[in-house]
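Asker: Dropping a structure here in structure tokens format, bear with me for questions.
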Amino acid sequence: MTGGSHNTLSGGPHVPVLIDAILKACAPITGVWLDGTFGAGGYTRALLEAGATRVVAVDRDPLAFDLAADWAASFGDRIVMQPGVFSQLDTYATDLDGVVLDLGVSSMQLDQAARGFSFMQDGPLDMRMSQDGPSAADIVNTVDEAVLADILFHYGEERASRRIARAIIAARPITTTLELAGIIEKCLPRPKPGQSHPATRSFQALRIAVNSEYDELYQGLMAAERALKPGGQLAVVTFHSIEDRMVKRFLAARTGGAGRANRYAPEQVADAPAFTQASRKAIAPSDAETAANPRARSAKLRVATRTDAPAAVIDPKSIAMPHVGGAF
């Protein structure tokens, strides 16, 4: 949930990831778009400046719209601020010319220690995008060891999930980000130059669990299919392999290219394709973009065009959506 070429809370400029690629792939930008992850507003602003007549801007974080109030006022009623989640985007608008989803954490959230997203600065162990509901501290301090290990493994692809979960359980209660990061660091080898921080995968996993991000993505893709008009564009920017795999498999299924799970399975009657793709290959940021914005280095963009086929419901297992059993 990134965006905005204006300044973040830290005072530095924030550039929306892969925005030039989105504008090029979806050109010409016209009509009504929905930005399902408003964040700092960069995608919304770029779409309006590129020719969209109106953008419905959705965000679950109430702070996002407060921070955008000054610059957004210059666009008048061309911006519709819509508090909510993008899994319900088709209840906010339909007959859309485009939907854009940026699945990264916004800079304004990472830059505020009090939000508890970052392992680089101390703050309460929170991670709630909507600022309500159970926090990361609630999960870390209440779930049993097996469930915690499953969260770290399935949501963060952390191979040392059981070792880390065991150490977390032994150290309870844990209340701050640096306290948790320190526990994780002791469980893993010291990173080599250029490698990510040892807590990266675990913090990712907890953030995803707190905000139900994989279910949001699953529901949001189907909601976009329902909301887009024929010829409407869907653009999704992902930042790690699980998200990208879900989007890739969803589009493969809905463009009629998913195939059978194995060659012995009975032939299925396929739905009419709901999307077309100019290319099934993801678009990556250029070297220049990653040099200017290191947060873009893992980003991938996938774009598809809506057909006039009826929308459908797709099985989450068919797009490899991770699932963790147990209560948290």
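Asker: Only helices at least 18 Å long along their own axis, judged from Cα atoms, and with Kyte-Doolittle mean hydropathy of -1.0 or greater: name those in the chain from DSSP H.
Answerer: 213-227, 241-254
Asker: OK, next. Name the residue farthest towards the positive end of the dipole of segment 119-211 from the options Ile164, Gln121, Ala137, assuming +1 on Cβ of Lys and Arg, -1 on Cβ of Asp and Glu, about the Cα centre.
Answerer: Among Ile164, Gln121, Ala137, the one farthest towards the positive end of the dipole of segment 119-211 is Ile164.
Asker: Continuing with this model, one more query. In percent, what relative contact order does the chain have, based on Cα pairs under 8 Å that are 6 or more apart in sequence?
Answerer: The normalised contact order for the chain reaches 18 percent.
Asker: While we're looking at this one, here's another question. Distance from the Cα centre of segment 51-104 to that of segment 273-288, in angstrom?
Answerer: One Cα centre to the other: 23 Å.
Asker: Would segment 119-160 count as rounded, prolate or oblate if I go by the C-alpha gyration tensor, calling it rounded below 1.5 in a/c and otherwise prolate when a/b exceeds b/c, oblate otherwise?
Answerer: prolate
Asker: Also, I was wondering about something else. Work out the length of the dipole vector of segment 146-287 about its Cα centre, built from +1 on the beta-carbon of each Lys and Arg and -1 on the beta-carbon of each Asp and Glu, and round it to the nearest 20 debye.
Answerer: 440
Asker: Return the Cα extents of the chain along principal axes one, two and three, sorted largest first, each rounded to a whole Å.
Answerer: Largest first, the chain extends 59, 55, 37 Å along its Cα principal axes.
Asker: How long are the three semi-axes of the equivalent ellipsoid for segment 119-211, computed from the Cα gyration tensor as the root of 5 times each eigenvalue, in whole Å, largest first?
Answerer: 19, 15, 13
Asker: Here is a further query. Using θ = phi - 60° and the Karplus relation 6.51 cos²θ - 1.76 cosθ + 1.60, list the HN-Hα couplings for segment 228-233 in order, rounded to whole Hz, with x at every Gly or Pro.
Answerer: Computed from phi, the couplings for segment 228-233 are 7, 7, x, x, x, 9 Hz.
Asker: Pick from Val143, Val17, Val99: which is most flexible by mean-square fluctuation in a GNM of the chain where alpha carbon atoms under 10 Å apart are linked?
Answerer: Most flexible of the set in this elastic network: Val143.
Asker: Oh, and also: Residue farthest toward the positive end of the dipole of the chain, with Cβ of Lys/Arg at +1 and Asp/Glu at -1: which of Thr44, Val210, Ala181?
Answerer: The listed residue farthest towards the positive side: Ala181.
Asker: With every atom except the alpha carbons ignored, what do you get for Rg and Dmax of segment 46-201, in angstroms?
Answerer: Answer for segment 46-201, Rg first and Dmax second: 19.2, 55 Å.
Asker: Quick check for me: using +1 on Lys/Arg Cβ and -1 on Asp/Glu Cβ, what's the dipole size of the chain about its Cα centre, in debye to the nearest 20?
Answerer: 1180
Asker: If neighbour count is taken as other Cβ atoms inside 10 Å, put Tyr218, Tyr155 in order from fewest to most.
Answerer: Least to most surrounded, the residues fall as Tyr218, Tyr155.
Asker: Related question: What number, in percent, do you get for the relative contact order of segment 119-211 if the mean sequence gap of Cα pairs under 8 Å and at least 6 apart is divided by its residue count?
Answerer: 39
Each reported figure results from applying straightforward, stated rules to the coordinates on display, with no laboratory input. Just so we're clear, the structure is a prediction, and the values are computed from it rather than from any experiment. Cβ sites come from the backbone with ideal geometry, for glycine too, and all protein chains shown count toward neighbours.
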